Amino acid sequence: MSSKPHVLIIGAGSTGSATAHDLALRGLRVTVIERGEIASGTTGRNHCLLHSGGRYCVNDQEGAIECIQENLILRRIMPHALELNDGLFVALDDEDYAFQEKFLAGCQECHIPAREIPVEQALRIEPFLNPNIKGAVQVPDGVFEPWRFCTSFLATAKKNGATIRNFTEVSDLVFQGNSVAGVRVFDHRTGKTETLGADLVVNATGAWAGMLAAMANVDVPVAPTAGVMVTLGKRFNNMVINRMHRPHDGDIVVPIRNTSIIGTTSWRVTSPDAIEIPQDQIDTMMCAGELLMPILRQARQRGVMAVARPLIASANIDARDFSRTFEAFNHRKQGGAAGIITISGGKTTTARGMAEKVSDVVCAELGINAECKTKTTPLVSYRDFYN
Ligand SMILES: Cc1cc2nc3c(=O)[nH]c(=O)nc-3n(C[C@H](O)[C@H](O)[C@H](O)COP(=O)(O)OP(=O)(O)OC[C@H]3O[C@@H](n4cnc5c(N)ncnc54)[C@H](O)[C@@H]3O)c2cc1C
């Protein structure tokens, strides 16, 4: 038996993986429980954009600042999981071009390095861009590989003593009085059920956070907000191509491995497990993608996917305008069950910052004084995950 407090993290997407690393590095005993494969939730099926923050610098500056800060940290700690290819914001018409001024001001206010480049230069770098663009600005966007992103954090957590159990589903929480004292799990590989004790449980289940919290009879304001993405059978761009306007449907083309992904839409869903993909949204993606890069009209669709963002809901605001920031909820302090903390919101790009925030809350709750060291600790390679 270890005398270290035991923290059980539910979910091995980007948030749970980064949290396992943070808490293991602070010296706690950590177990991660994931119902599927690592990154099999939203993290494994998104655009893979390492945000510079440019996308949010006008209408969500809090989210934009978090993105650029974390982007710069991830470049240092996990270079092996990233492709540092930069991004271009391009103006297609006069309205976009008028927005460029606000965009450059927003980048400056959020400390995002941005550089206006001549249209001819943009077309030389990205020959498949719409030749009629009116302006182009380069920002430090990039691309992450989601499996490597998560397994780099988890491999480092394992090196520091963490246990990772995938294909193991939390079916219920175990209570002692009004306090969560562990979880009931079903192992999908063995078909066995068992009970695991914990000093504290972290709910890092992303868009499923509301369902998990309901097991503790607590509420989290998570709004599963779906988006459709179309993956093309070839890579047409090297930099991330964004349209120069407020985030909208089909305004981004991200190159990942040998494909380009067009994204995305945004609508609220009731269950992240049952997202229907309407054909008209796929058509919208193709039409909007073609405006940015006309060649996409002829491209073969390799696949279409939809997943839900775990955004924090705000009353009377359209889902597209929910902030991309994140929050840790200590349910005991809100008058609910003790022994369980939920982390929600954010993006894969901000996973390390989310982990720092929830780990601070975990340590405070356990009465542990341990500093976060993840900003400066390089991660081991994802290759070490199975060693
Ligand atoms: C369309 C779209 C595009 C996006 N594009 C980007 C992008 O380009 N860049 C970016 O930075 N962010 C992007 N995001 C946001 C990003 O994908 C999410 O914010 C992030 O993946 C959330 O990670 P997470 O770990 O919180 O959730 P998840 O990755 O969903 O992880 C939660 C995990 O919990 C597990 N789980 C659930 N219930 C249980 C249970 N009962 N027992 C055990 N395990 C359980 C699930 O299987 C899942 O693996 C995008 C989101 C969407 C929807």
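The values are calculated or read from the model by the stated rules, or taken from the named source; none is laboratory data. All figures in this text were calculated on a predicted structure; none of them were measured in a lab. As a convention, Cβ positions derive from the backbone with ideal geometry for all residues, glycine included, and neighbour counts pool all protein chains shown.
Here are a few things to note about the model shown:
- Considering the range 9-32, and only residues there that are surrounded by 24 or more Cβ atoms within 10 Å (Cβ to Cβ) and assigned to a strand (DSSP E or B), the residue that is nearest to the ligand (Cβ to nearest atom) turns out to be I10.
Here is a yes/no grid of residues against (1) within 12 Å of the ligand (Cβ to nearest atom); (2) free of Cβ contacts under 8 Å to residues at least 24 places away in the same chain; (3) of a type in the set (G, A, S):
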| residue | (1), (2), (3) |
| --- | --- |
| A198 | no, no, yes |
| A213 | yes, no, yes |
| N217 | no, no, no |
| I252 | yes, no, no |
| S266 | yes, no, yes |
| Q281 | yes, no, no |
| L292 | no, no, no |
| A299 | no, no, yes |
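- Selection status of T374, among the β-branched types (V, I, T), touching a Phe, Trp or Tyr at 6+ places or on another chain (Cβ under 7 Å) and over 20 Å from G197 (Cα atoms): no
- Condition check for G36: part of a loop (DSSP other than H, G, I, E, B), more than 6 Å from the ligand (Cβ to nearest atom) and assigned by TED's automatic domain parsing to the domain that holds W208: no
- Any hit, the range 339-347, residues being assigned to a strand (DSSP E or B) and modelled with pLDDT under 90: no
- The set of residues in the range 48-82 being within 18 Å of T374 (Cα to Cα) and away from the ligand (no atom under 12 Å from the Cβ) consists of I68, Q69, L72, I73, R75, R76, I77, M78, P79, H80, A81.
- Only residues that are modelled with pLDDT under 95 and away from the ligand (no atom under 16 Å from the Cβ) were counted in the range 301-316, giving 3.
- For A114, the conditions (1) buried (at least 18 other Cβ atoms within 10 Å of the Cβ); (2) of a type outside the set (V, I, T); (3) in contact with a Lys or Arg (Cβ under 8 Å, 6 or more places away or on another chain) are fulfilled apart from (3).
- Selection status of D187, in contact with a helix residue (DSSP H, G or I) (Cβ under 8 Å, 6 or more places away or on another chain) and within 14 Å of the ligand (Cβ to nearest atom): no
- Complete set of residues in the range 111-166 that are in contact (Cβ under 8 Å) with a residue 60 or more places away in the chain and of a type in the set (K, R): R148, K158, K159, R165
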